[in-house]
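Report on the following structure.
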Amino acid sequence: MSWNYSALSLLRGALSGHRHWSPAWRDASPKPRYDVLIVGGGGHGLASAYYLAKNHRITNVAVIERGWIGGGNTGRNTTIVRSNYLYPESARLYDFSLRLYEGLAQELNFNIMLSQRGLVLLAHSRHDLDAMSRWANAMRMNGIEAELLSRDEVAARVAGLDLSPHARLPVLGGFAQRRGGTARHDAVAWGYARAASRLGVDIIQNCEVTGFLEEGGRVAGVSTSRGSIRAERVGIAAAGHSSVLAKLAGFRLPVTSYALQALVSEPVKPVLDTVVLSPGTGAYLSQSDKGELVIGAALDLFPSYAQRGSFAVEQAIIAATLELFPAYSRLALLRQWAGIVDVVHDSSPIIGATPIPGLFINCGWGTGGFKAIPVGGWTLAHALATGRSHPLAEPFQLERFISGRLIDEAAASGIAH
Amino acid sequence: MMQLRCPWCGVRDENEFVCGGASHIVRPPLDASDVAWGEYLFFRDNPKGVHHERWRHGYGCGQWFNVARHTVTHEILSVYAMTEAPPAEMPP
């Protein structure tokens, strides 16, 4: 069992030659039976297990992961956290998540390196300006701070932007969410894993689900590459692979899987102290604490499970980034990768019941799952513990695709996922 | 860069094309139930494997055509006309 991390434990470690450190969480083997099973050991699955144990005192829980924890989209995103959505339902959901992030390092006793360096969205046209003032005002109506910025205010906040009169992408203004920023993605997975493990949750890696057990019309567990595991309730938190698991359980989802890519440059000294998004071009970037520029791209708009992005999109995003920041043109790129994201028609998540009693799902976050890890876990845990939707998740049920009550953030805030 | 073979223009780069999503989805009658209509509009197989999908050569001839493509390898297994049935069984 790992002990509390603190300045004192670091000091003690230093004085004892760092020989006392123990693994942060237990790498468990499957038991034959649990109260609750969670399929998917990414941020959402691990957070669900933690909140099941913490909020609902259900500790006979296992998280089963096909590969290693945090090895899917949790390790493949651009680490941005924000809550700049337009509709009240989304604003409540994502701001709850951001507020949980704000206290998460303390809560988990694990440094998630949250850096609320603010995010700035750039307007490149009069239409962008109009759309952004509507967007920022909607956020303020929903009680989330947002600040409209003039061109000069953008210039003062973002160093290195091409603001010359002949810029290919003129910057006319924008808006900012000061509480937005970045967090260390791996630390979020590890922190939740450690905290869940300390409360008794089993984290089982290299264990692929190959089918669902059913009894009396209810889910009764899963069959896996490491044998059958029984459970009263099962939750799926598998992002881009949600449709694959749903198929094993015998239903379909309104989800299409796409590759979303990102790139990082070689590390350089501090050049960019905020997160910059250019919704008009799909480019967004920030600088990591290591000094790398972390550049996010748009989706490859054809269905894919390949975990690699296309050259066409990569080229477009590098071109847009360099039009915005010409000084970065000599930076070497170190890595490029993609995650498989679960895109839903209204760009809003699905958190709740499935057509199979006892089987619940958390999916549909598309390109924006990282920022939603705390709330995704909180609300899936609620559904698994109580059998009912959490009030925050009530608008985000699968039934909305039958009733037609969509929460269309794709159209509203122009968010791509 | 991925390339597709447009039936009219030949092999071209992927960024000349637009993917129009899954093919062979049959529109239900207008008196269909809400469930059938929702299924038709939104629910998809989204397979990890062979996917039958529509593409349009937007920056070329503008024509639509069907493609059978593997969603993991991105290998294109067949290109066929919009009105054709999907090709016979393929490896998953």
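Compactness check for the stretch A:108-211: Cα Rg over 2.2 N^0.38 Å is 1.59. What FRET efficiency comes out for A:S16 versus B:A36 if R0 is 45 angstrom and r is the Cβ-Cβ distance? Round to the nearest 0.05. So, using R0 = 45 Å, E works out to roughly 0.10.
Which value, in debye to the nearest 20, gives the size of the charge dipole of the protein assembly as shown about its Cα centre, when Lys and Arg are +1 and Asp and Glu are -1 at the Cβ?
Working: 47 positive and 44 negative charges, 256 e Å.
Using Cβ point charges on Lys, Arg, Asp and Glu, the protein assembly as shown gives about 1220 debye.
In whole percents, the pair-distance distribution calculated for the stretch A:275-417 from its alpha-carbon pairs, binned every 5 Å from zero, is 2, 9, 15, 18, 17, 13, 11, 8, 5, 2, 1, 0. Taken residue by residue and averaged, Cβ atoms of other chains lying within 10 Å of the Cβ of B:43-54 number 6. Going by accessible surface with a 1.4 Å probe and the largest first, A:E65, A:E399 read A:E399, A:E65. Rolled with a 1.4 Å probe across the full set of protein chains, the surface gives A:Y328 an accessible area near 30 Å².
Here's the list of aspartates and glutamates a cross-link from A:K290 could span, going by alpha-carbon distance under 15 Å and ignoring same-chain residues fewer than 8 apart: A:D186, A:E266, A:D273.
Shielding by partners for peptide A:300-311, expressed as the average number of C-beta atoms from other protein chains within 10 Å of each residue's C-beta, is 6.
Kindly state, as a whole number, the per residue volume in cubic angstrom of the convex hull around the alpha carbon atoms of chain A.
Given the Cα convex hull of chain A, per-residue volume reads 141 Å³.
With a 10 Å cut-off between alpha carbons and a GNM built on chain A, which of A:H185, A:H18, A:H345 moves the most? For chain A, modelled as a Gaussian network with Cα springs under 10 Å, the answer is A:H18. Couplings 3J(HN,Hα) of the stretch A:342-356, computed from phi: 9, 8, 10, 4, 9, 6, 10, x, 10, 9, x, 6, 10, x, 9 Hz, in residue order, whole Hz [Karplus 6.51 cos²θ - 1.76 cosθ + 1.60, θ = phi - 60°; x for Gly and Pro].
Once all protein chains are placed together, A:K54 keeps about 80 Å² accessible to a 1.4 angstrom probe. Our estimate of slack between A:D162 and A:E214, defined as 0.36 nm per intervening residue step minus the Cα-Cα distance, is 12.8 nm. Taking 0.36 nm per residue of separation and subtracting the current Cα-Cα distance, fully stretching the chain between A:R388 and A:M113 would add 95.7 nm.
Each label was represented as a point 7 Å from its Cα along the Cα-to-Cβ direction; for A:L169 and A:W337 these points are 2.4 nm apart. Before anything else, pin down the relative contact order of the stretch A:278-417: Cα pairs under 8 Å, at least 6 apart, normalised by residue count, whole percent. Reported as a whole number, the value is 21 percent. Relative contact order for chain A: what percent, with Cα pairs under 8 Å and sequence separation of 6 or more? Dividing the mean separation by the residue count of chain A yields 22 percent.
Take the Cα of B:Q3, step 7 Å toward its Cβ, do the same at A:F311, and the gap between the two points is 1.0 nm. By the Cβ distance rule of under 4.7 Å, the protein assembly as shown has these cysteines without a partner: A:C207, A:C363, B:C19, B:C61.
Springs join every pair of Cα atoms under 10 Å in this Gaussian network model of chain A, and among A:G366, A:G377, A:G67 the largest mean-square fluctuation is at A:G67. Highest GNM mean-square fluctuation, chain A, Cα pairs closer than 10 Å: which of A:S228, A:S242, A:S329? Of A:S228, A:S242, A:S329, the most mobile in the Gaussian network model is A:S329. Under a 5 Å amide H cut-off, with hydrogens placed 1.01 Å from N, B:M2 pairs with A:F311, A:A312, B:E14 among residues at least 5 apart or on other chains.
The values are calculated or read from the model by the stated rules, or taken from the named source; none is laboratory data. Fair warning: this is a prediction, and the values are worked out from it, not measured in the lab. All Cβ positions, glycine included, derive from the backbone under ideal geometry; neighbour counts span all protein chains shown. Each accessible area value is taken on the protein alone, full model and side chains, heavy atoms only, with ligands, DNA and RNA left out. Shrake-Rupley method; radii C 1.70, N 1.55, O 1.52, S 1.80 Å.
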